[in-house]
Every structure is written in C-alpha cells, then in structure tokens.
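> Can you read through this structure? Questions will come right after.
Values in this text are rule-based calculations from the coordinates and carry no lab data. Everything quoted here is computed from the prediction, not taken from an experiment. Here the Cβ positions follow ideal geometry from the backbone for every residue, glycine too, while neighbour counts run over all protein chains shown.
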Amino acid sequence: MAQKSVLITGCSSGIGYAAAHGLRDVGWRVFASCRRADDCARLRAEGFESPRIDYADSATINAGLTEVLDATGGTLDALFNNGAFGTPGAVEDLPTDALRAIFETNFFGWHELTRAVIPVMRAQGHGRIVQCSSVLGFVTMPWRGAYNSTKYALEGLTQTLRVEMRDTPIDVILIQPGPITSKIRQNSIPHFEKWIDWEGSVRVEQYRRKLRKRLYEDRGPDAFELPADAVVKKLRHALEARKPRLTYMVTTPTFLMATFRRLLPVRALDWVLSRG
Ligand SMILES: NC(=O)c1ccc[n+]([C@@H]2O[C@H](COP(=O)([O-])OP(=O)(O)OC[C@H]3O[C@@H](n4cnc5c(N)ncnc54)[C@H](OP(=O)(O)O)[C@@H]3O)[C@@H](O)[C@H]2O)c1
C-alpha cells in the first residue's frame, strides 16, 4: 500500500511536534511545517520534510504547499491545521489590531491553506482535513477573548465546510483539546507584551494578581492536563478510521464543559467559567 501523506502546521513544539513524531512512527509520510526557518532546519535534522509555513504570510502558504505537492507528485492525503497562538488580556484592553493579528494566523491562514488543499483532495478522490480547535471553541473564559473568538470562528467555518463537503470524498473533522502540555502559555507572552497596556488598564490589580502570575510563574500543570500524545491518539483515529468521527474531544474539562453547556443555565455556566 502506498505511504500516506499528511501536512501538519506548527510543528516546532507541543501538539504539532508530537503529531509529527506520532504519525511518522506509524508509517505516515509527514510534512512537518514550522513558522520559522530555524525550526524547519531542526525538524529536517530529525529526518522530516519541513516546509516553512507562516499562516500570517500568504507567500509561505503557497510556497510551502507547492513544496509538498512537488515531493508527492501532486497528492496529499491529509491536512492537520494546528499552528496557533493566544493573546491574553481582557476584551476591553485588546486593541482591535491585536484581534486582526491573531485572526490572521489562527483563522485566515487556516482558511487559505485549506482552500488551497481542497482542489488537490477533490482531484485525487479522497482527503481528510483535521482542525485543531479547543474546548474554548464552544465555551469562553475570561482573559482569553482573542483566542476564544478565533476558535469560535473556526468552529463556525469548519462546521459549514463539513456540511458543504458531504457531497465530496473529503472528511472535515474537529479536535477539541482541553489543557495539554505545550508551549502555548509561554508563546503567548510576546503577544501579551506587544498588545496589552496592563499597567494603564482599570484592571491593573487583576493583571498583577492573576493573569501575570499565570503567564510568568510556572505553577505546574493545570488540573486534568494531558500530554500532547493524548491529542495524537485522537488525530490518528481521525486520519485512519474508515469512518472518522466528526468531532473528537480530548481531556476531562472538554467533556465536562460540553455537558455543563447543555445542562446549566447560562448564568450558572458563566459562574463556572469565571473561576478560570
Ligand atoms: N495546549 C493546550 O492546552 C491547547 C488546548 C486546546 C487547543 N490547543 C490548540 O493546539 C494547537 C497547537 O498548540 P500547542 O498547545 O501545541 O501550543 P504551542 O506549543 O505553542 O505550539 C503552537 C505552534 O503553532 C505555531 N504557530 C504560531 N504562529 C504561527 C503562524 N503564524 N503560522 C504557523 N504556525 C504558527 C507555533 O510556532 P512558533 O514556535 O514559531 O511560534 C508552534 O509551532 C493550537 O491550535 C492550539 O490552539 C491547545
């Protein structure tokens, strides 16, 4: 049987890095793309093909995908949209340009790459597109408004695409992790520092007591946090099962929040979420 190919974005750390290794270990030809050239070089040294794809830069999306298709002879069995970041801060303190910037990576870039891949999958007669959403794609938490908005938008776009693709041989699948060990918090710090004037905020004391502690002090893993391999396990099912599920939840908080959202009145759910 021919080796199957997958393009993964955001492989420098966390879920993308674990997915690249996990899928290669079970026989996939993995194109482990990274945002930065030095990370691509690191992944190549680990034996991966690693095109550079920065979602915020259309030229790299086109060039990166072209590199993949040149290598495979024009086919791609699966795409795992994964690379993303957070910009922590209260909604009232988020400059609109901060939202524009995060949407460029977490949403518009994913759409652009997905659109470019769909004709390839249509032509070859099959394909799977897996989107790394989040528990924060269906419930909200304070201080995470920017990230939350991108994941809610992603859920809307993905669900629409999934319904539209019913008459094609392409499966569109969501993964919704809760807390997973990765560099996501650490990687959000430059975005916080770039965009949030926390010392000029009416919430300065809350930033001091809560958010900055969470960002800058290593308090160990979150409750119910799982290693990135927990996501890779679900990703493998999404890619390899004859009939994949439409949505894969990962971690206890995701299952809990899905249940709370169905059962609790909105004010009660707000109270639960405000503890975060
Ligand atoms: N960790 C969690 O608790 C959790 C929970 C739910 C969902 N998720 C989702 O899981 C996915 C992976 O995150 P992670 O937890 O593994 O965090 P991570 O360790 O910070 O990895 C994020 C990856 O995305 C890349 N990235 C950032 N900006 C990018 C851009 N403009 N273009 C392409 N790639 C870019 C990063 O590259 P650089 O190193 O170059 O910045 C990095 O490789 C994200 O979609 C995230 O929303 C994570």
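> Condition (residue is surrounded by fewer than 17 Cβ atoms within 10 Å (Cβ to Cβ), more than 17 Å from ARG29 (Cβ to Cβ) and in contact (Cβ under 8 Å) with a residue 60 or more places away in the chain) applied to the range 93-105: is it met by at least one residue?
yes
> Just name the residue that is farthest from VAL232 (Cα to Cα) out of those in the range 133-157 that are within 12 Å of the ligand (Cβ to nearest atom), of a type in the set (Gly, Ala, Ser) and in a helix (DSSP H, G or I).
Of everything passing the filter in the range 133-157, ALA146 is farthest from VAL232 (Cα to Cα).
> If we keep just the residues of the range 198-243 that are among the charged types (D, E, K, R) and within 14 Å of the ligand (Cβ to nearest atom), which is nearest to GLY178 (Cα to Cα)?
Within the range 198-243, the first condition is being among the charged types (D, E, K, R), and the residues that meet it are 199, 203, 205, 208-210, 212-214, 217-219, 222, 225, 229, 233-234, 236, 240, 242-243.
Remaining after also requiring within 14 Å of the ligand (Cβ to nearest atom): 214, 222, 225, 229, 234.
Details: ARG214: 17, ASP222: 10, GLU225: 7, ASP229: 13, LYS234: 13 Å.
Within the range 198-243, the match that is nearest to GLY178 (Cα to Cα) is GLU225.
> Next question, about the same structure. Any idea how many residues of the range 172-189 are near the ligand (Cβ under 9 Å from one of its atoms) and assigned to a helix (DSSP H, G or I)? Full working, then the answer.
Initial filter on the range 172-189 (near the ligand (Cβ under 9 Å from one of its atoms)): 175-188.
This time we only want the ones that are assigned to a helix (DSSP H, G or I), so: 184-188.
Residues in the range 172-189 being near the ligand (Cβ under 9 Å from one of its atoms) and assigned to a helix (DSSP H, G or I): 5 in total.
> So, in the range 111-132, exactly how many residues are within 14 Å of the ligand (Cβ to nearest atom) and part of a helix (DSSP H, G or I)?
Here the count works out to 4.
> Just to be sure before I move on: is ASP270 under 30 Å from ASP197 (Cα atoms), among the charged types (D, E, K, R) and surrounded by 15 or more Cβ atoms within 10 Å (Cβ to Cβ) in the structure I sent?
Details: under 30 Å from ASP197 (Cα atoms): yes; among the charged types (D, E, K, R): yes; surrounded by 15 or more Cβ atoms within 10 Å (Cβ to Cβ): no.
Considered against the rule, which asks whether it is under 30 Å from ASP197 (Cα atoms), among the charged types (D, E, K, R) and surrounded by 15 or more Cβ atoms within 10 Å (Cβ to Cβ), ASP270 comes out as no.
> Give the range 5-39 a look and list any residue that's of a type in the set (A, V, I, L, M) and under 18 Å from the mean Cα position of the chain (by Cα), or say none.
VAL6, LEU7, ILE8, ILE15, ALA18, ALA19, ALA20, LEU23, VAL30, ALA32, listed by residue number.
> Just to be sure, is THR160 surrounded by fewer than 16 Cβ atoms within 10 Å (Cβ to Cβ), hydroxyl-bearing (Ser, Thr, Tyr) and either within 19 Å of the chain's Cα centre (by Cα) or not in a helix (DSSP H, G or I) (or both)?
Details: surrounded by fewer than 16 Cβ atoms within 10 Å (Cβ to Cβ): yes; hydroxyl-bearing (Ser, Thr, Tyr): yes; either within 19 Å of the chain's Cα centre (by Cα) or not in a helix (DSSP H, G or I) (or both): yes.
So THR160 fits the description; yes.
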